[in-house]
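Taking it in order: structure first as structure tokens, then the write-up.
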Amino acid sequence: MSKIITTGITRRSMLKTTATAALITAVRSAFPSGAFAAGAGPEVTGAKLGFIALTDAAPLIVAQEKGLFAKHGMPDVEVAKQASWGATRDNLILGGAANGIDGAHILSPLPYLMHTGKVTQNNLPIPMTILARLNYDSQGISVAKEYADTGVQLDASKLKAAFEKKKAEGKEIKAAMTFPGGTHDLWIRYWLAAGGIDPDKDVSTIVVPPPQMVANMKVGNMDVFCVGEPWNEQLVNQGIGFTAATTGELWKGHPEKALGMRSDWVESNPNAAKALLMAVMEAQQWCDSMDNKEEMSALLGKRQWFNVPPKDVLGRLKGDINYGNGRVAQGTDLYMKFWAGGVSYPFKSHDSWFLAENIRWGKFAPDTDIKKLVDEVNREDIWRAAAKDLGVAAADIPASSSRGKETFFDGKVFDPENPSAYLDSLTIKVAS
């Protein structure tokens, strides 16, 4: 008599398996470069990834929508919307196994703040890993309509008199960003300080989740804010305020978001981490093509992702900027970058600047060993391994983990080999 083996396969699971196989076949036809990672496959078939409704989350969303996670052996990846960066942090602390998340589209400095316990309950360090940079440029510093007559653009000093007048009337000046010590906090602080406005003394910095920025400015809850797209463009389209400057005007080709993961997940699932990364890298290449911008805008605008009109996404994706104050620039190079020129590679020198700025504003101690901390969190070695397996052209793989010196719009120069000299050159900062 033959032995009956119970497989546990149900009609539903069979249909799911068949659908996944069909998806993988279709995706491999559409994206022929880069098959499964060489050698052993992923240790797990899924991971829980968080994202905030910002255009720079596109690589994760495109990887999901286009079946790229499935292509690289991880069909069960979940990409889940987070309410705020605080919620992203909290869910990373929980981890995927405890109904949180394993990784996320994240502000580049946030993994460092979590890794050191600077922004966690009871200052408990949560070891974190940065696997890739997701994008460069295309954040915005936007200002309420009441300040239109100041003519403020890149030079924030034009707001000084208006701010002083408002404060003399007993009113509070509020500058909104998305998370203390995060990229938007650092951009708006840099911009204000370069204009002689002390972000700790002359204004009150407040935290507002990205999707709530426009609504809050509409009811007068803030004077200026810094956030990613599509919210600056939506502000202009609704006639509520204007963009003084894009962050690419502060620092041309600046790093922005990262793919961050819990270190314990990466260490337990090294092949899966590489597979995730390969899917995201392939999505970044797709996102970078101008031919895909309209489809990308329509995709991101969907209800389950951003729930906004595609036109609020498209313009600045293509480098067309209506600042909302009479300035309109077409076809600029200030569009969001996802791949060309080493965007995806997590340069350690970029992370060094984020840490230096957070020393400037008191988030880290002046004697912080920047190089040691960057080496603990930044895993550019995994990126290089993924690039090799993906068949990335040698020209697209940076020769060094440093981009060297960076120059800002006000003439300040950051040398990653000498952060102290940069910090000493800054006039407005937290007293050590």
query: Per residue, how much accessible area does segment 167-222 have with a 1.4 Å probe, in Å²?
result: 37 Å²
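Let me know the charge dipole size of segment 267-410 about its Cα centre in debye, to the nearest 20, where only the beta-carbon of Lys, Arg (+1) and Asp, Glu (-1) is charged.
Rounded to the nearest 20 debye, it is 280 debye.
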- request: Give me the distance in nm between label points sitting 7 Å out from Cα along the Cα-to-Cβ direction at Leu124 and Asp90, one decimal.
  value: 1.5 nm
query: In degrees, nearest 10, range 0 to 90: what is the angle between the Cα axis of helix 380-390 and the longest Cα principal axis of the chain?
result: 50 degrees
field: Listed candidates (i) 22.6, 69; (ii) 22.1, 94; (iii) 19.3, 57 - label of the one calculated as Rg and Dmax of the Cα atoms in Å
entry: (ii)
message: Taking the Cα centroid of segment 79-150 and of segment 168-216, what is the distance between the two, rounded to the nearest whole Å?
response: 17 Å
message: Net charge around Ser297, counting only other residues with Cβ within less than 14 Å of its Cβ (Lys, Arg = +1; Asp, Glu = -1)?
response: -4
query: To the nearest 10 degrees, how steep is helix 85-94 against the longest Cα principal axis of the chain, on a 0 to 90 scale?
result: 40 degrees
- prompt: So which residue, out of Glu406, Glu169, Glu294, gets the largest mean-square fluctuation from a GNM of the chain using Cα contacts under 10 Å as springs?
  reply: Glu169
- line: Restricting to aspartates and glutamates and to Cα separations under 12 Å from Lys145, and discarding same-chain partners fewer than 8 apart, the set is Asp223
- line: Cross-link reach from Lys318 to aspartates and glutamates, straight Cα distance under 15 Å and at least 8 residues apart if same chain, gives Asp56, Asp137, Glu229, Glu233, Asp288, Asp291, Glu294, Glu295, Asp333
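With respect to the cross-link table entries Lys174/Lys302; Lys201/Lys337; Lys118/Lys274; Lys274/Lys412; Lys252/Lys429; Lys48/Lys412, which display a Cα-Cα separation exceeding 30 Å?
Lys174/Lys302; Lys201/Lys337; Lys274/Lys412; Lys48/Lys412
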- prompt: Out of the DSSP beta bridges found with both residues in the chain, what percent are antiparallel (nearest 5)?
  reply: 65 percent
query: Do you know the relative contact order of the chain, to the nearest whole percent, from alpha carbon pairs under 8 angstrom that are 6+ apart?
result: 21 percent
- prompt: In debye to the nearest 20, how big a dipole does the chain give about its Cα centre with +1 on each Lys and Arg Cβ and -1 on each Asp and Glu Cβ?
  reply: 960 debye
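The values are calculated or read from the model by the stated rules, or taken from the named source; none is laboratory data. This structure is a prediction, so every number in the text was calculated from the model and none was measured. FYI the Cβ positions are ideal-geometry reconstructions off the backbone, even for glycines, and counts take in every protein chain you see. SASA here: full protein model, heavy atoms, side chains in, ligands and nucleic acids out. Shrake-Rupley method; radii C 1.70, N 1.55, O 1.52, S 1.80 Å.
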